[in-house]
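What follows draws every value from the coordinates through simple rules; no lab data is involved. Fair warning: this is a prediction, and the values are worked out from it, not measured in the lab. Please note: Cβ atoms are built from the backbone with ideal geometry, for glycine as well, and neighbour counts cover all protein chains shown.
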Amino acid sequence: MAKLKKILAACTHETAKPLGKDADYLVKKSVWIHGGDGWAYDIGYGGLDHVLASGANVNALVLDTEVYSNTGGQASKSTPIGAVAQFAAGGKQMPKKDLSMIAMTYGNIYVARVALSNPAQVVKAMIEADAYDGPSLIIAYSHCIAHGINMTKAIDNCKEAVACGHWPLFRYDPRLAAEGKNPLQLDSKAPSISFEEFANNQNRFRVLKKANPEQAEELLAASAKETATRYDLYKKLAELSADCGTGKE
């Protein structure tokens, strides 16, 4: 931009001066649609899906707090099993909706899951998404006061979400498939802590242990199993040969 303005300022052609005023409009901008999980997973999902399925060159960033933060902490489709929220006082019974997996089934959408515990991966995903000529979706784990955590140590909470496998970091780039490579790349290591270690540091899970210990144990066990199963699925997909199923392997 600065270079363009400098050239136009030095140009003596009669069109240079008006173009100098419009220079900001002559450069491609990075434009992003952004919203929370309540919008992306629930009330706005139909619209988001329609835009992504259009094939248009759009970028969407979802800040996933796993709860309707703006309406007092109501449970959303993004809320994990066992978490306590409004309208889920006994702990949410159903698994978290996997928005990233749904988006990847289209095959032509750039999809990434990111967390601030790995800022380099966040930046890399956003640069790749912006450069991709097509729809892009980045879902960011977003710590929230509704999680019942010490917000001064929120990045530690992000690290635990990744370390237990609840929030695997990855990038799905359709351009790699065109090069004969697996488009899915896992950016986080195998789980190093249990889901319970992650959950025990958040009041949204702890509160149920006090109110109903048996129910809490059952739901946390279900959540741990679902987390492990989902991580294993992503791991296996990332390890597949790009030619798997084509007869070329």
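Close amide H contacts of residue 170 (hydrogens built in the peptide plane, cut-off under 5 Å, sequence separation of 5 or more or a different chain): 113, 187. Among 111, 51, 62, which one shows the biggest mean-square fluctuation in a GNM of the chain, springs joining Cα atoms closer than 10 Å? Per the Cα network of the chain with a 10 Å cutoff, 51 tops the list.
Across the range 188-200, computed HN-Hα scalar couplings (Karplus, 6.51 cos²θ - 1.76 cosθ + 1.60, θ = phi - 60°) run 10, 7, 4, x, 10, 10, 7, 4, 5, 4, 5, 5, 5 Hz from first to last residue, x flagging Gly and Pro.
How much FRET efficiency would the formula 1/(1 + (r/R0)^6) give for residue 127 and residue 206, where r is the Cβ-Cβ distance and R0 is 51 Å, rounded to 0.05? Don't skip to the end; give the middle numbers.
Numbers: r = 38 Å, r/R0 = 0.74.
For R0 = 51 Å, the calculated efficiency reads 0.85.
Of the trypsin sites (Lys or Arg not before Pro) found in the range 1-51, those that fall in a DSSP loop while having at most 14 other beta-carbon atoms within 10 Å are 28, 29. Over all distinct Cα-Cα pairs of the range 90-223, the Kirkwood formula returns a hydrodynamic radius of 16.3 Å.
What residues from the range 49-93 fall in the zone where the backbone N is under 19 Å from a label point 7 Å along the Cα-to-C-beta line of residue 155? Inside the label zone: 64. Only DSSP H runs of four or more residues enter the estimate; each adds -39500 (n - 2.57), and after division by the residues of the chain the mean residue ellipticity at 222 nm equals -11500 deg cm²/dmol.
For the range 32-164, what does the alpha-carbon gyration tensor say about shape, rounded, prolate or oblate, given a ≥ b ≥ c as the root eigenvalues, a/c under 1.5 as rounded, and a/b over b/c as prolate? Oblate. Taking label points 7 Å from Cα along the Cα-to-Cβ direction, residue 229 and residue 101 give a separation of 0.9 nm. Distance distribution P(r), the chain, all Cα-Cα pairs, bin width 10 angstrom from 0: 7, 27, 30, 18, 10, 5, 2, 0, 0 percent. For the pair residue 54 and residue 193, label points projected 7 Å from Cα toward Cβ lie 4.1 nm apart. Relative contact order of the chain: 16 percent, from C-alpha pairs under 8 Å at least 6 residues apart in sequence.
Highest GNM mean-square fluctuation among 79, 12, 229, for the chain modelled with Cα contacts below 10 Å: 12.
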